[in-house]
Amino acid sequence: MSINTKKYKELLAEIGDKVNLVAVSKTKSVEDIKALYDLGQRDFGENYVQELVDKYEALPKDIQWHFIGHLQTNKVKYIAQFVSLIHGVDSLKLLQEINKQGEKNNRIINCLLQIHIAQEETKFGLNEDELDDIIGSAELKNLKNIKISGLMSMASFTENEETIRNEFRYLKTLYNSYNQLQIANCKLQILSMGMSADYKIAIEEGSNMVRIGSLIFGERDTINK
Ligand SMILES: *Cc1c(COP(=O)(O)O)cnc(C)c1O
């Protein structure tokens, strides 16, 4: 077993019950996930569609699966039946496809809009104007099989705490500015920010959902995954 039970329990105590922990299990084995499940963990995050589908099939059905990677429109259909929350939505086109697949599966699929806050160019996500366009669009109201339940983001990969803090703070401000929205399928309640390296700062800046992998499961075996 490679899960760090002690660290997991410390983490739960540290974040308290106002913050939701998504255990990021990408590249980790079904056995490791089951071991964490047996300690009571129910929310797990995956980045790759095929891996998520395989794990969904192999593991207990009361697990809440979070898709936290970049989702391609042509792959939504594989996870639409069971996914609990899709974190990385960054286009209206993707929302429309998720809605279509939600309709086919007769369910409402919860989504988070991904916001670009980091300095790196390579990260996915919407800027403020693009977010505004999606939330303000007439089309959104027609998407009855999705619900936008919050925002998600990744901070820069840097040792500079101030940079990270400022990025999270910016996201929280953006999140707050949509607090009073009166759109049936768009109510921001989840602020998904913080990973192994920066979750403490994220929580201090208002995160209520952290996505943590390596701290619980150990370093991933494959670089860049
Ligand atoms: C891998 C990943 C995480 C977890 O990263 P750790 O540093 O292992 O905690 C969180 N969020 C996203 C989007 C990821 O891809």
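The values are calculated or read from the model by the stated rules, or taken from the named source; none is laboratory data. No experiment lies behind these values; they were computed from the predicted model shown. Positions of Cβ are generated from backbone atoms using ideal geometry, with glycine treated the same way; all protein chains shown enter the neighbour counts. These accessible areas exclude ligands, DNA and RNA; they are computed on the full protein's heavy atoms, side chains included. Shrake-Rupley method; radii C 1.70, N 1.55, O 1.52, S 1.80 Å.
For the stretch 74-84, taking the residues that are of a type outside the set (Ser, Thr, Tyr) and open to solvent by 10 Å² or more (accessible area, probe 1.4 Å), the one that is nearest to residue 20 (Cα to Cα) is identified as 82.
Of the residues 134, 146, 108, only one is at pLDDT 95 or above, among the aliphatic types (A, V, I, L, M) and open to solvent by 30 Å² or more (accessible area, probe 1.4 Å); which? Of the residues listed, the single one that is at pLDDT 95 or above, among the aliphatic types (A, V, I, L, M) and open to solvent by 30 Å² or more (accessible area, probe 1.4 Å) is 108.
In the stretch 33-41, the condition of being open to solvent by 30 Å² or more (accessible area, probe 1.4 Å) and either among the β-branched types (Val, Ile, Thr) or under 18 Å from residue 190 (Cβ atoms) (or both) is met by no residue.
Assessment of the stretch 178-198 against the conditions (open to solvent by 80 Å² or more (accessible area, probe 1.4 Å), of a type in the set (A, V, I, L, M, F, W, C) and at pLDDT 95 or above) yields at least one matching residue. None of 125, 150, 136, 88 is in contact with a Phe, Trp or Tyr (Cβ under 7 Å, 6 or more places away or on another chain) and among the small types (Gly, Ala, Ser) except 88. Meeting the requirement of 1 or more residues that are more than 16 Å from the ligand (Cβ to nearest atom) and of a type in the set (D, E, K, R), the strands (runs of 3 or more DSSP E) wholly within the stretch 69-175 are 146-152. Of the residues that sit in the stretch 149-169 and are open to solvent by 10 Å² or more (accessible area, probe 1.4 Å) and among the hydroxyl-bearing types (Ser, Thr, Tyr), which one is modelled with the lowest pLDDT? Per the stated criteria, the residue is 158. One residue alone among 92, 126, 71 is open to solvent by less than 60 Å² (accessible area, probe 1.4 Å), in contact (Cβ under 8 Å) with a residue 12 or more places away in the chain and either within 27 Å of residue 160 (Cα to Cα) or of a type in the set (S, T, N, Q) (or both), and that residue is 126.
Scanning the stretch 16-56 for residues that are farther than 26 Å from residue 72 by Cα, aliphatic (A, V, I, L, M) and over 17 Å from the mean Cα position of the chain (by Cα) yields 35, 36, 39.
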